[in-house]
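Each reported figure results from applying straightforward, stated rules to the coordinates on display, with no laboratory input. These numbers come from a predicted model, not from an experiment. Neighbour counts run over all protein chains shown; Cβ positions are idealised from the backbone, glycine included.
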Amino acid sequence: MALPSYAGPGEIAWYYGYRFVCGLIFLFLIIPILVIIPLSFNSVPFFTFTPEMLSFDPAGYSLRWYKDFVNNPQWIHSLQNSFIIAIFSTILSTVLGTLAALGLSKPYTPYKAAIMGALISPMIVPLIISATGMFFFYTNVGLAQTHLGIILAHTALGTPFVVITVTATLVGFDQSLIRAAQNLGAAPPTVFFKVIMPLILPGVISGGLFAFITSFDEVVVVLFLADFDQRTIPLQMFSGLREQISPTILAVATILVTISILLLTSVELLRRRSERLRGMTPQ
Amino acid sequence: MAEATLDQGDLMRTADGTPLKISIARAMRRNKLKALALIAPLFVFILFSFLIPIIDMSLRSVDNSVIPDVLPNTVAALADWDGEGLPPEEAFAALAADMKAGRESRDIGKVATRLNYELSGMRGTVMGTARRIASVDEGPYQEALIKANKDWSDPATWKLLKRLSSPYTMGYYLNAVDMRFDVDGNIEAQPDFRQIYVDLFLRTFWMSILITGLTILLGYPIAHLMATLPLRYSNLLMILVLLPFWTSLLVRTTAWIVMLQSEGVLNDLLVWVGVFSDDARPQLVYNKIGTIVAMTHILLPFMVLPLYSVMKTIPPSYMRAARSLGANQFTAFVRIYMPQTLSGIGAGSILVFILAIGYYITPALVGGTSGTLISNQIAYHMQQSLNWGLAAALGVILLATVIALYFLYNRIVGVDKMKLG
């Protein structure tokens, strides 16, 4: 949308004014996330820029809060919990979600809309309600305050993302490829691993990444279901922000931002690959 | 007979002799079953780990089984009582027996809590009476109970018990909309100082609308810019939208606390620039402003992404055609461009609104007391007041709203077209 040569002064002013406003909105989106990164290297327990930091005095910066994070067994324990829970629930939701998406993408599957509605309901229902329901039920069956309970709960919350991304990948999937493979004598497992899987892999992985981040970032269900032993990073941050607010949280936040940048990059690369495979131009 | 044979002879058959029609139908049925078998594991899993827990929770909002379960004899004895004056001696005897049994099984505390929701002070009455009546072995129980606590001489107490005899109650829903049953079982408004939920629902509603409006206001221009810029620039800008989207919710909330608190980055900047003096720093967090700013930031990507995907499909030639037909920039935009983006605005708005009315974490951390939403009250009743029936009733009302909005969303976009990332 370059400025046309016949544009009048009003139009020119509007053009630059509009871009200026957009720039401010982008700043609003990104500044809060960027601000915490330098602050996490603060050498004093403040949540704002000290004069030393602003004058780029090396004394104003330190790795103090990162050391604090690494040396605090409570944080390390939560980090372990976060990874264990997220990895297992990602595996479970990816397997279950991919199978279901394969079933849902067949043209002759009955009751499609109703089944889809039920399967993605964990994404629609507000987390506080899911957490409440799970709290009662999981307590009754003895799964509350266990790692398994939280893994199952997070699996339920993560599957809708897998179902949606894999279903979307399968839209461009040519079902006759399956028949061709069968015709050539491939058994169903061979068809799945040699023909279907390579084609839908980008969708499966990006669905899995969504499931991972859902679990890794989830705090309401953990708040209701976890005991001290199952504390995760987000829960630790949540209680930290409520009680004794310490810049260690900023160090953790910076680490999490790094993780999200890595995840974002992988999903973007996968999405482009998937679109290339389906023969579509990117976007 | 001859005709029939002829007909059969005309049918197309598969190699083994079954008519083709039947054979295809059979294969189709097998395919359908295979497809369902692929879906079944997840469906069963979601059913047990998610849907049944939600239904179970919903039932708690009308559940009143504790009174009939713990006080069965009393409930039976009160069944024939007409509610005039005091009930007969056998009701007193039944209550005494139930209380003794309840004290043995330690269930009496549940009754005390349940009755206390309806009439404050009942917890003490029930617990005290149960303790004193334990040593009374023979009647008349009327005298003994009244001696234990004079509340039992008040017919209102007995009317309350009779009203709660049914295993189901609408009481929690009434509480959730600031109503209650009076002594005679009629519905009346709660006293003024206890009327909080209707206001809270309205506040949740208005704040969600405000946040949705703000995300449209902020999201529309940048989505439009990204949709019209060449791909290599718009992809770069897209990262600025997607990075917050992928960043942990807790991180973003922490970031806003850091930005907005009174010794925080924004206030320091404002003081430095000279907008405010050092001792007059505005309170920007732990109130409504904090909730609105942080939630607008967190939900903005959910508005930008659907808007962008709709705007991307609008050919730029339409605008040029409008301009060449004599429309100025503004007219062309309002009459040609904007109507085509309405579906994107609709999709984004419903998505943001659904997420906003159920938000818990951010309001809990940056909302203080004036910026909390209905979810925070549900969590409060779940974790602190332990009035689970009321928490469930509030939850069901919230859930019903969300489901209604979801159907609307499905109507507008269709859930299968939902895009992620």
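For chain B, with the dipole built from +1 on Lys and Arg beta-carbon atoms and -1 on Asp and Glu ones, taken about the Cα centre, which of B:A130, B:L164, B:N387 lies farthest toward the positive end?
B:N387
Considering only A:F69, A:F210, A:F228, give the residue with the highest GNM mean-square fluctuation for chain A, with springs between Cα atoms whenever their separation is below 10 Å.
The residue with the greatest mean-square fluctuation here is A:F228.
Any chance you could run the full-extension gain for B:D184 through B:A280? It's 0.36 nm times the residue separation minus the Cα-Cα distance, nm to one decimal. Let's see the in-between values first.
Values: separation 96, 0.36 × 96 = 34.56 nm, distance 5.45 nm.
Length gained, B:D184 through B:A280: 29.1 nm.
Which value in nm describes the separation of the simple spin-label points at A:V44 and B:N287, placed 7 Å from the Cα toward the beta carbon?
Inter-label distance under the simple model: 2.7 nm.
Let me make sure I get this right: for region A:137-283, a, b and c are the square roots of the gyration tensor eigenvalues over alpha carbons, sorted descending. Under 1.5 in a/c it's rounded, otherwise prolate if a/b > b/c, else oblate. Which is it?
Oblate, because a/c is 1.5 or more while a/b does not exceed b/c.
I need the calculated FRET efficiency for the pair B:T228 and B:S105, taking r as the beta carbon distance and R₀ as 60 Å, to the nearest 0.05. Don't jump to the answer; show the numbers that get you there.
Details: r = 72 Å, r/R0 = 1.19.
Computed FRET efficiency for B:T228 and B:S105: 0.25.
Of B:L307, B:L36, B:L237, which is the most mobile in a GNM of chain B whose springs link Cα atoms less than 10 angstrom apart?
Comparing B:L307, B:L36, B:L237 in the GNM, the peak value goes to B:L36.
Can you give the average number of partner chain beta-carbon atoms within 10 Å of each beta-carbon in peptide A:214-223, as a whole number? Could the numbers behind the result be given before it?
Working: counts 0, 0, 1, 7, 3, 6, 8, 0, 0, 6.
Across A:214-223, the average partner-chain Cβ count within 10 Å equals 3.
Hey, if you put +1 on the Cβ of every Lys and Arg and -1 on every Asp and Glu Cβ in chain B, which of B:N267, B:F48, B:F330 ends up farthest toward the positive end of that dipole?
Most positive-ward Cα: B:F330.
Would you please classify the overall shape of chain A from the alpha carbon gyration tensor, given that a ≥ b ≥ c denote the square roots of the eigenvalues, rounded means a/c under 1.5, and beyond that prolate means a/b larger than b/c while oblate covers the rest? All intermediate terms of the calculation are to be shown ahead of the outcome.
Working: a/c = 2.19, a/b = 1.22, b/c = 1.80.
Here chain A falls in the oblate category.
Defining a contact as two alpha carbons under 8 Å apart and six or more residues distant in sequence, what relative contact order in percent does region A:72-277 show? Can you show the working numbers first?
Working: 224 pairs, mean separation 69.7, N = 206.
Relative contact order of region A:72-277: 34 percent.
Working out 0.36 nm times the residue gap between A:I245 and A:I37, then minus their Cα-Cα distance, what length gain in nm do you get to one decimal?
Numbers: separation 208, 0.36 × 208 = 74.88 nm, distance 1.66 nm.
Taking 0.36 nm per residue and subtracting the Cα distance, the gain is 73.2 nm.
Please sort by residue number the GluC sites (Glu not before Pro) in region B:70-137 whose DSSP state is loop and whose Cβ has at most 12 other Cβ atoms within 10 Å. Can you show the working numbers first?
Numbers: sites: B:E84, B:E89, B:E90, B:E104, B:E118; in loops: B:E84.
For GluC sites (Glu not before Pro) across region B:70-137 that sit outside H, G, I, E and B with at most 12 neighbouring Cβ atoms in 10 Å, the list reads B:E84.
If you take the beta carbon distance between B:W206 and B:L386 as r and set R0 to 25 Å, what does 1/(1 + (r/R0)^6) give as a FRET efficiency, to the nearest 0.05? Walk me through the intermediate numbers first.
Working: r = 29 Å, r/R0 = 1.17.
The pair B:W206/B:L386 has a calculated efficiency of 0.30.
Please report B:F245, A:F193, A:F161 as a ranked list, fewest other C-beta atoms within 10 angstrom at the top and most at the bottom.
Working: B:F245 20, A:F193 11, A:F161 26.
Listing B:F245, A:F193, A:F161 from fewest to most nearby Cβ atoms yields A:F193, B:F245, A:F161.
Among A:L177, A:L250, A:L235, whose mean-square fluctuation peaks in a Gaussian network model of chain A (Cα, cutoff 10 Å)?
Largest GNM mean-square fluctuation: A:L177.
Can you sort B:L399, A:L3 from fewest to most other Cβ atoms within 10 Å of each residue's own Cβ? Show your work: numbers first, answer last.
On the way: B:L399 23, A:L3 11.
Ranking B:L399, A:L3 by Cβ neighbours within 10 Å, fewest first, gives A:L3, B:L399.
For the pair A:Y111 and A:A186, what calculated FRET efficiency results from E = 1/(1 + (r/R0)^6), where r is the Cβ-Cβ distance and R0 = 41 Å, to the nearest 0.05?
Details: r = 29 Å, r/R0 = 0.72.
Once the sixth-power term is evaluated, E becomes 0.90.
Mind running the shape call on region A:9-60? Use the C-alpha gyration tensor, a ≥ b ≥ c as the square roots of the eigenvalues: rounded below 1.5 for a/c, prolate if a/b tops b/c, oblate otherwise. Before the final figure, lay out each step's value.
Working: a/c = 5.56, a/b = 2.96, b/c = 1.88.
It comes out prolate by the Cα gyration axes.
List, in the order given, every pair from A:K67/B:K288; B:K110/B:K288; B:K32/B:K312; A:K194/B:K21; A:K194/B:K312; A:K106/A:K194 whose Cα-Cα distance in the structure shown is over 28 Å.
Where the Cα-Cα span goes over 28 Å, the pairs concerned are A:K67/B:K288; B:K110/B:K288; B:K32/B:K312; A:K194/B:K21; A:K194/B:K312.
Which stretch or stretches of region A:1-40 have amide N atoms under 17 Å from the point lying 7 Å from B:F330's Cα along the Cα→Cβ direction?
Flagged as within label range: A:8-18.
Filter the chymotrypsin sites (Phe, Trp or Tyr not before Pro) in region A:10-61 to those in DSSP coil with at most 14 other Cβ atoms within 10 Å of their Cβ, and list the result. Let's see the in-between values first.
Numbers: sites: A:W14, A:Y15, A:Y16, A:Y18, A:F20, A:F26, A:F28, A:F41, A:F46, A:F47, A:F49, A:F56, A:Y61; in loops: A:F41, A:F46, A:F47, A:F49, A:F56.
Those that pass, being in a loop and sparsely packed, are A:F46, A:F56.
I'd like the distance between the alpha-carbon centres of region A:69-110 and region B:127-160, rounded to an integer number of Å.
56
Could you line up A:L256, B:L71 from fewest to most neighbouring Cβ atoms inside 10 Å? Spell out each step's value before the answer.
Details: A:L256 22, B:L71 26.
In increasing order of surrounding Cβ atoms, one gets A:L256, B:L71.
With an 8 Å cut-off on Cα pairs and a minimum separation of 6 or more residues, tell me the relative contact order of chain B in percent. If you can, show how the numbers build up before the last one.
On the way: 448 pairs, mean separation 66.3, N = 421.
Across chain B, relative contact order equals 16 percent.
Taking a virtual spin label 7 Å from the Cα of B:E143 along the C-beta vector, which residues in region B:91-113 bring their backbone nitrogen under 19 Å of it?
B:91-97
With the contact rule set at Cα under 8 Å and sequence spacing of 6 or more, what percent relative contact order holds for region B:306-355?
Working: 28 pairs, mean separation 27.1, N = 50.
54 percent.
Give me the dipole magnitude in Debye, nearest 20, for the protein assembly as shown about the Cα centre, with unit charges on the beta carbon: positive for Lys and Arg, negative for Asp and Glu.
Working: 49 positive and 44 negative charges, 614 e Å.
Here the protein assembly as shown has a charge dipole of around 2940 debye.
Could you give the dipole magnitude of region B:66-166 about its Cα centre, charging the beta-carbon of Lys and Arg +1 and that of Asp and Glu -1, in debye to the nearest 20? Each step should come with its number before you reach the end.
On the way: 13 positive and 15 negative charges, 116 e Å.
So the magnitude is around 560 debye.
For the protein assembly as shown, max minus min Cα coordinate along each principal axis, in Å, sorted largest first?
The Cα atoms of the protein assembly as shown stretch 107, 100, 60 Å along the principal axes, largest first.
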